[in-house]
Amino acid sequence: MKKLLLSLLAVAGLSASAAEVTDVLSVASLQTMPNYSATATAYAEYVGIKGESGAEYTLQCAHNKGTCIQLRSSNNNSGIVATSSPGKVVNVTVEWASNTADKRVLNIYGGESAFTIGGLYGSSAPAVAGTIVKGTSTSFDFTSSPEYIGMRSNSGAMYITKISITWDIADSSKEPAGLKYETTSYNVELGDAFTAPELINPNGLVVTYSSSKPEVATVDAAGKVEIIGAGTTTISAKSEETATYNAGSASYTITVTAPVQTLASIAATKELADNTEFKVGYELTVGFKNNNNVFACDAAGDFIQIYGSNSYNIGDKIPAGWTGKYMLYNGNTPEIMPVGSLPVAEAGTFTPAVVAATAISNELVNSVVTINNVELAEATPGEDVTDKDAKNFTGTVDGTTLNFRNNYKLASVDAGTYNITVVVTVFNNAPSLYVTNFEKVTSTGIDGVIVDENAPVEYYNLQGVRVANPENGLYIRRQGNKATKVLVK
């Protein structure tokens, strides 16, 4: 390290007591990481990227098919932070990719302790030190000489070919302090025990410790940490410059979350406020799956939608014990967004409940159910329909009209009578039935039966079996040579 700095000084014509070293972050930096094989447009965390200055960086980004660093502003998981500091930050320069829209803003942050990427968002985010704006600027100079830097998009997706970060290394004739933590991020649930990681201090330097948010956690003179409350704090260790070593620092973050409640049913889940985390304390059975959308029910038969990458199949039993966030999509669709990975399921079976046409309502949203004896006056739209409005069609059951949609690309069926399995959704505050299966209703087996007009009334079920005392349901009523469908209530 010393030889590198001295050679840079010689080239720059600077004195041996100071040097500016520039780190370059690009797709080539990400390619050194073991998880670089992540999908090009998917956001991944790249930890421990080392710069020539001695700084280490964490990037949460996509690599846009291997061409550039891709950042976004819509979530709190996209940005760049330095997790160790070799000195003072002097300058940040950006080389924009051509597909970045003009006026996109990159926020630049500077501070005396390390940032977390999530900490750059929300009401507790630090003050912005400066900005770099596509089409207006490519560089920002610090005047405050912070020890740490953070960056994130403040206005949509942006694509960056190269980011150059220049540091002022105080004295290149001295050795680096060498302070380091092997792990720089921890998640703790409030009330759980936490043991502070050991500081790597190879030169035995005198170190002082601090917490950026003592209301979250405090740290004593020996580096022992006490968790106080929910939130995120940075624990920093610093050593002063000596005759032999430069000043040094190292840090890690602790994110403390409040314990979440465990719920025993979907009904209880739907009582939560929007965006509330909880533990799923009930088993779920998959009733239908479409890509990342899973429609599943609990033991009571209530349904909810789960959104997230998964390998589930219809009938799978999803065990209890995982954490999710309850969300009410568009104000009417209850969903669970997993916090972390979904659990492994066991294979099982699922049989949809049969419901009457008159029972279809918004309260059945997300339910996978079957409606029997739906009359279709004409052929349904097929899987090749691209016009979103042309996917809709109607059917009737004893005078009740139902709104269906071929949203899952099923083959067209001819006009006729069908038992139709659907996922109940809500559109314009009314039920819209997304079809998952058509089952053709076969002949009743009594067609053409003719008796005298004076014969008594007889009832048959839809399979052609005579019923002496029909109860609630749909039957074939025959009297004389006339047979009709009737609803017995």
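Results, tabulated for the structure shown:
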{"item": "Förster radius 45 Å - calculated FRET efficiency between THR396 and THR323 (Cβ-Cβ, nearest 0.05)", "result": "0.55"}
{"item": "5 angstrom amide H check on GLU241, placed H, neighbours 5+ away", "result": "ALA247"}
{"item": "Proximal lysines relative to LYS391, as straight alpha-carbon distance under 16 Å, when same-chain residues fewer than 8 apart are discounted", "result": "LYS409"}
{"item": "Two-decimal ratio, segment 270-340, of alpha-carbon radius of gyration to 2.2 N^0.38 Å", "result": "1.01"}
{"item": "Distance (nanometres) between label positions extended 7 Å along Cα→Cβ at VAL457 and THR22", "result": "9.3 nm"}
{"item": "Accessible area of MET33 in the full protein assembly, 1.4 Å probe (Å², nearest 10)", "result": "30 Å²"}
{"item": "Under 5 Å, built H, 5+ apart or other chain: amide partners of ALA196", "result": "VAL225"}
{"item": "Accessible surface ranking that places the most exposed of LYS162, LYS440 first, with a 1.4 angstrom probe", "result": "LYS440, LYS162"}
{"item": "Sites TYR121 and MET337 - FRET efficiency at Förster radius 25 Å, r taken between beta-carbons, to 0.05", "result": "0.90"}
{"item": "For the chain: accessible area per residue (Å², 1.4 Å)", "result": "49 Å²"}
{"item": "Pairwise centroid distance, computed over Cα atoms, of segment 214-241 with segment 307-353, Å", "result": "38 Å"}
{"item": "Model label zone, LYS270; criterion: amide N under 18 Å from point 7 Å along Cα-to-beta-carbon; scope segment 412-435", "result": "422-434"}
{"item": "Whether the chain is rounded, prolate or oblate, judged on the alpha carbon gyration tensor where a/c under 1.5 counts as rounded", "result": "prolate"}
{"item": "Heavy-atom accessible area ranking, 1.4 Å probe, most first, across THR262, THR93, THR417", "result": "THR262, THR93, THR417"}
{"item": "Protein accessible area in segment 162-300, 1.4 Å probe - carbon and sulfur %", "result": "47 percent"}
{"item": "Cut-off under 5 Å, modelled amide H: who pairs with ASP316 long-range", "result": "VAL286, GLY348"}
{"item": "Backbone HN-Hα couplings from phi across segment 254-263 [Karplus 6.51/-1.76/1.60, Hz, Gly and Pro as x]", "result": "10, 9, 9, 10, 5, x, 9, 6, 9, 10"}
{"item": "Sequence-distant aspartates and glutamates (8 or more away, or on other chains) whose Cα lies within less than 18 Å of LYS238", "result": "GLU56, GLU112, GLU147, ASP168, ASP171, GLU175, GLU182, GLU198, ASP220"}
{"item": "In sequence order, calculated HN-Hα J values of segment 245-251 (Karplus, 6.51, -1.76, 1.60; Hz; x Gly/Pro)", "result": "10, 5, 4, x, 7, 8, 7"}
{"item": "Distance in nm between pseudo-label sites at GLU52 and GLU198 (7 Å out along the Cβ direction from Cα)", "result": "3.5 nm"}
{"item": "FRET efficiency estimate (nearest 0.05) - Cβ-Cβ, ALA101 to ALA379, R0 35 angstrom", "result": "0.20"}
{"item": "In order through segment 30-42: 3J(HN,Hα) via Karplus (6.51 cos²θ - 1.76 cosθ + 1.60), integer Hz, x for Gly, Pro", "result": "5, 5, 7, 8, x, 9, 4, 6, 4, 3, 4, 9, 8"}
{"item": "Proximal aspartates and glutamates relative to LYS317, as straight alpha-carbon distance under 20 Å, when same-chain residues fewer than 8 apart are discounted", "result": "GLU283, ASP298, ASP302, GLU335, GLU346"}
{"item": "Across LYS180/LYS213; LYS88/LYS162; LYS440/LYS485; LYS289/LYS485; LYS213/LYS279, pairs whose alpha-carbon gap is larger than 23 Å", "result": "LYS289/LYS485; LYS213/LYS279"}
{"item": "Residue-averaged [θ]222 nm for the chain, counting only DSSP H segments that reach four residues, each worth -39500 (n - 2.57)", "result": "-1000 deg cm²/dmol"}
{"item": "Two-site label geometry, ALA411 and ALA430: point separation in nm, points 7 Å out along Cα→Cβ", "result": "3.2 nm"}
{"item": "Potential extension, THR143-SER311 segment - 0.36 nm per residue separation minus Cα distance", "result": "55.3 nm"}
{"item": "Cβ-based charge dipole, segment 197-273, positive-most Cα from ILE235, ALA258, PRO197", "result": "ALA258"}
{"item": "LEU25, LEU364, reordered so the largest accessible area comes first (probe 1.4 Å)", "result": "LEU364, LEU25"}
{"item": "Solvent accessible area, Å² - THR323, 1.4 Å probe, full protein context", "result": "30 Å²"}
{"item": "Surface accessible to a 1.4 Å probe, VAL47 within the full protein complex, Å²", "result": "80 Å²"}
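The values are calculated or read from the model by the stated rules, or taken from the named source; none is laboratory data. Quick caveat: nothing in here was measured; it's all calculated off a predicted structure. Positions of Cβ are backbone-derived with ideal geometry, glycine not excepted, and every protein chain shown enters the neighbour counts. Please note that ligands, DNA and RNA were not included when accessible areas were found on the heavy atoms of the full protein model with its side chains. Shrake-Rupley method; radii C 1.70, N 1.55, O 1.52, S 1.80 Å.
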